[in-house]
Amino acid sequence: MTITITFTGIRQTIKQGQTWIKKRPFLTLAGLILVLALLVGWRWTRPGARFGPLDGTWYRVQVNRDLYVGLDPNYPPFAEWTPDGITGIEADIAREIGRRLGVETHILIMGFDGLYDSLYTGYVDFLISGLQVDSEYKDWVHYTRPYFDAGQVLVSRADSPIEHIRQLDGGTVAVEIASAGDLGARQWQRRLHSLDIERYMLPDDAMRAVQNGEVNAALVDTVSVRFYLNEHDGLVMASKTTVPEGYRIVLREGNFRLVEEVERALDDMIADGTLEEIINQWLPTSKTQRMSRR
Amino acid sequence: MRINLISLAARLYILAYLLRWLAPASPYVALGPPQMVETQHPVVCTHTRLTDEVQEWKIQRNMEMVREMGTATIVEFFPWPYVEGERGTFNWAHFDRIMRHAQNQGITVLARLGLVPAWARPPVHEKVTNMTYITEDYYDDFAEFVGQFVMRYGDQIEGVIIWNEPNLGIEWGNRGVDPEAYTELLRVSYEAAHAARPDILVLGGALAPTLEPEDSGSGMNDLRFLERMYEAGAGAYFDVLSAHTYGFTNPPDMAPDPTVINFRRVELIRAIMERYGDGDKPIYITESGWSDDPRWAVSVRPGQRIAYTLEAFEMVEDWSWTERLCIWNFRQPLDQRNRRDAYYALVSSDFYAKPIYEAIQAYARGWENPYQP
């Protein structure tokens, strides 16, 4: 069998199609409307859908004056379920955002594995639960700027402060075994002339080695550092993390008005110091521990 | 006119068919020469997650990394609905693929069998059920699947695990759990498996460690569930007891206590077996491990996870009654940093070997632990 497609054939087919449409204008119109309706339906029902200038979630928040926030209360001091209710950094941030939006915040607790599903189905308006950017969800969620960087940060003696790991060229860094700091130090080991890595079982052991002068610095997680430095003098932590791990609020991308409002509230909280105040209330800090930004 | 429309549709179809060839081909997977697992510790085992792995090269890479870790045995899940979506029609293609690669890498499989196809559950307009809902009417159909499975793969597997964590409501059709009903399911499955192949090992139990009281709607204390299984006569219907034991924040050597979930809780399971005269059967720990999730109150630090896991292997090797310790889980198919199971995995979804993988590999193959403090 030979199949021949010629321009004449295509022209004829188009012409016949035109004739068919002219004879049946209402049927054609109905077909077009159906296709359009299907397209609109698809746009409207997909998660995080945005349709024109409307943000249905923001509209509901405005009318009902409520905001539903999902979190897993299994991560003190960020979120914990206590007899007094849901407490912690994330609970306080969520309530503060609600206050700034002029609405009441309702915190709904759920298992960590169910967080994204609850956002997907519209059960909650946003998530705040130590979540980091995950490419798996990038087509329908919006990640805000980080409200906390829990990454790996350098800790050094106050009398010989180290701000960047490059300053450790030729020196020794202490890390927690198999942690993100361990992996990060190994990457820097390949980039510097020489960097010795000493591994310790726990972050506190690594920081103790810095205190005892056994190593030049420790690369450990920010939360452990803040607790340790609260009880031990003579150490400082760098102003920025070497291996960042930003915790972000997660919203449906299609709720563009809510996204804007939450981002704005977060920006304001950073600008007026409220965010730092909340964090410092739950994570101890001392006035000498953090190096000034360079 | 109608003929022309058909002609146009045919031309568009041909064009689409031709354009399809522009798509990149899926990676070619060659089986390669047969391999052998090099290990000094056959007790080391892991639970793989290939059930939902679509791409064959990923199945192969999983198996290669399992072999390179010095692991001669895996637990893998083979869901009944995947093979018998229509009653009486068996499609073994995906299972064949997994078995082919396991065999080629010299790995023995402990096959976990479970879940229920839609045709064996009530229609959704009558009752909304999940995939673990099974009624006595379909026990024989499940047993038929077990028998067919053993007949097909009997020489490639060490044994079959009948169901998963039947003492949890979510694993028993979101209903109250029922040790006597599970015992009946175990009985018919045991008979079908042994009819297909007398030397196959049937593993029963696979109970979740939980402290839920007996009248709880969501589960039942594993110790009590096991006692009731024995009282219902389950002892005659398994060759090996499958046990799940997790450490959470507790070190492996923490003494067993009925009110605590820790690694040595399996010793309490063992005591029940002995009390019911079943002490000559071994236990296979088919799920275990510690999580190093940095955002979970019941996880441990990464270094502790390594130390605890290696210590657990040493302890199990000292116990005469345990032959396998399978770490949950080897790898998750999807990048799931925001899922708890990702922090139990030994390998990331993009096949990055985590430090815990390297530590277990060193232990299994008799090398020096690279993560010694």
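The values are calculated or read from the model by the stated rules, or taken from the named source; none is laboratory data. Since the model is a prediction, treat every value here as computed from it, not as a measurement. Methodologically, a virtual Cβ is constructed for each residue, glycine included, from the backbone with ideal geometry; neighbour enumeration extends over all protein chains shown.
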With A:Ile97, A:Ile128 as the choices, which residue is away from chain B (no Cβ under 11 Å), among the β-branched types (Val, Ile, Thr) and either in a strand (DSSP E or B) or on the phi > 0 side of the Ramachandran plot (or both)?
A:Ile128
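Step by step: first the residues of the stretch B:53-91, then only those that are of a type in the set (S, T, N, Q) and closer than 28 Å to B:Trp119 by Cβ, then the one that is farthest from the chain's Cα centre (by Cα). Which residue is that?
Looking only at the stretch B:53-91, we keep the residues that are of a type in the set (S, T, N, Q), and these are B:55, B:60, B:62, B:71, B:73, B:89, B:91.
The next check asks that each one be closer than 28 Å to B:Trp119 by Cβ; those that pass are B:89, B:91.
Working: B:Thr89: 24, B:Asn91: 20 Å.
Residue satisfying both the conditions and the ranking: B:Thr89.
Can you find even one residue in the stretch B:353-364 that is assigned to a loop (DSSP other than H, G, I, E, B) and either among the hydroxyl-bearing types (Ser, Thr, Tyr) or within 12 Å of another protein chain (Cβ to nearest Cβ) (or both)? Outline the logic, then answer.
Initial filter on the stretch B:353-364 (assigned to a loop (DSSP other than H, G, I, E, B)): B:354.
The next check asks that each one be either among the hydroxyl-bearing types (Ser, Thr, Tyr) or within 12 Å of another protein chain (Cβ to nearest Cβ) (or both); those that pass are B:354.
Yes; the residues of the stretch B:353-364 include at least one that is assigned to a loop (DSSP other than H, G, I, E, B) and either among the hydroxyl-bearing types (Ser, Thr, Tyr) or within 12 Å of another protein chain (Cβ to nearest Cβ) (or both).
Has the stretch B:83-104 got at least one residue that is among the small types (Gly, Ala, Ser), closer than 22 Å to B:Leu201 by Cβ and in contact (Cβ under 8 Å) with a residue 60 or more places away in the chain? Quick ask: steps written out before the conclusion?
Applying the first criterion (among the small types (Gly, Ala, Ser)) to the stretch B:83-104 yields B:85, B:88, B:93, B:102.
Cutting the leftovers down to closer than 22 Å to B:Leu201 by Cβ gives us B:102.
Okay, now just the ones that are also in contact (Cβ under 8 Å) with a residue 60 or more places away in the chain, so none.
No - not one qualifying residue is present in the stretch B:83-104.
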Extreme residue, farthest from B:Thr309 (Cα to Cα), among residues of the stretch A:189-203 that are more than 7 Å from chain B (Cβ to nearest Cβ) and crowded, with 20+ Cβ neighbours inside 10 Å:
A:Leu195
Checking A:Asp92 against (1) surrounded by fewer than 19 Cβ atoms within 10 Å (Cβ to Cβ); (2) among the charged types (D, E, K, R); (3) within 24 Å of A:Leu275 (Cα to Cα), only one condition comes out false. Which one?
(1)
Does any residue in the stretch A:160-172 that is in contact (Cβ under 8 Å) with a residue 60 or more places away in the chain come within less than 6 Å, Cβ to Cβ, of a residue that is not in a loop (DSSP other than H, G, I, E, B) six or more places away or on a different chain, and which pairs are these?
A:Pro161/A:Val236; A:Ile162/A:Leu154; A:Ile162/A:Ser156; A:Ile162/A:Ala217; A:Ile165/A:Trp188
Within the stretch B:294-315, identify whether any single residue is surrounded by fewer than 19 Cβ atoms within 10 Å (Cβ to Cβ), among the small types (Gly, Ala, Ser) and under 30 Å from B:Arg228 (Cα atoms), and answer yes or no.
no
I need the full set of residues from the stretch B:298-312 which are of a type in the set (Val, Ile, Thr), outside any loop (DSSP other than H, G, I, E, B) and free of Cβ contacts under 8 Å to residues at least 60 places away in the same chain, in order please.
B:Thr309
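Filter the stretch B:271-292 down to the residues that are assigned to a helix (DSSP H, G or I) and either under 18 Å from the mean Cα position of the chain (by Cα) or surrounded by fewer than 21 Cβ atoms within 10 Å (Cβ to Cβ) (or both) and list them by number.
Here is the first cut: in the stretch B:271-292, the residues assigned to a helix (DSSP H, G or I) are B:271-275.
Scanning the stretch B:271-292 gives B:Ala271, B:Ile272, B:Glu274, B:Arg275.
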Just a yes or no: is a residue in the stretch A:258-270 buried (at least 16 other Cβ atoms within 10 Å of the Cβ) and in contact with a His (Cβ under 8 Å, 6 or more places away or on another chain)?
yes
Which fully enclosed helices (runs of 4 or more DSSP H) of the stretch B:1-113 have 3 or more residues being within 14 Å of chain A (Cβ to nearest Cβ)?
B:2-20
So which pairs qualify, if the first residue must be in the stretch A:193-216 and within 11 Å of A:Thr172 (Cα to Cα), the second must be charged (D, E, K, R) and in a loop (DSSP other than H, G, I, E, B), the Cβ gap must be under 8 Å, and the two must be at least 6 apart or on different chains?
A:Ser194/A:Asp169; A:Leu195/A:Asp169; A:Glu198/A:Glu214
The stretch A:22-45, residues that are within 14 Å of another protein chain (Cβ to nearest Cβ) and either within 52 Å of the chain's Cα centre (by Cα) or not in a helix (DSSP H, G or I) (or both)
A:Arg24, A:Leu27, A:Thr28, A:Gly31
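Listed here are the residues, each with its yes/no results for (1) touching a residue at least 40 places away in the same chain (Cβ under 8 Å); (2) among the acidic types (Asp, Glu); (3) away from chain A (no Cβ under 13 Å).
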{"site": "B:Thr286", "(1), (2), (3)": "yes, no, yes"}
{"site": "B:Asp293", "(1), (2), (3)": "yes, yes, no"}
{"site": "B:Trp296", "(1), (2), (3)": "yes, no, no"}
{"site": "B:Glu314", "(1), (2), (3)": "no, yes, yes"}
{"site": "B:Trp321", "(1), (2), (3)": "yes, no, yes"}
{"site": "B:Trp328", "(1), (2), (3)": "yes, no, yes"}
{"site": "B:Arg331", "(1), (2), (3)": "yes, no, yes"}
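Report, by residue number, each residue of the stretch A:154-191 that is of a type in the set (Asp, Glu), in a loop (DSSP other than H, G, I, E, B) and closer than 19 Å to A:Thr222 by Cβ.
Kept after step one, since they are of a type in the set (Asp, Glu), are these residues of the stretch A:154-191: A:159, A:163, A:169, A:176, A:182.
Filter once more, keeping what is in a loop (DSSP other than H, G, I, E, B): A:159, A:163, A:169.
If the condition is that a residue be of a type in the set (Asp, Glu), in a loop (DSSP other than H, G, I, E, B) and closer than 19 Å to A:Thr222 by Cβ, then A:Glu163 is the only one that fits.
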Identify the residue in the stretch A:7-18 that is under 16 Å from B:Leu5 (Cα atoms) and away from every other protein chain (no Cβ under 11 Å) and, among all such residues, is modelled with the highest pLDDT.
A:Gln18
Is there a residue in the stretch A:157-170 that is surrounded by 17 or more Cβ atoms within 10 Å (Cβ to Cβ), within 29 Å of A:Glu90 (Cα to Cα) and within 11 Å of chain B (Cβ to nearest Cβ)?
no
What is the number of the single condition among (1) in a loop (DSSP other than H, G, I, E, B); (2) under 14 Å from the mean Cα position of the chain (by Cα); (3) surrounded by fewer than 16 Cβ atoms within 10 Å (Cβ to Cβ) that A:Glu136 does not meet?
(1)
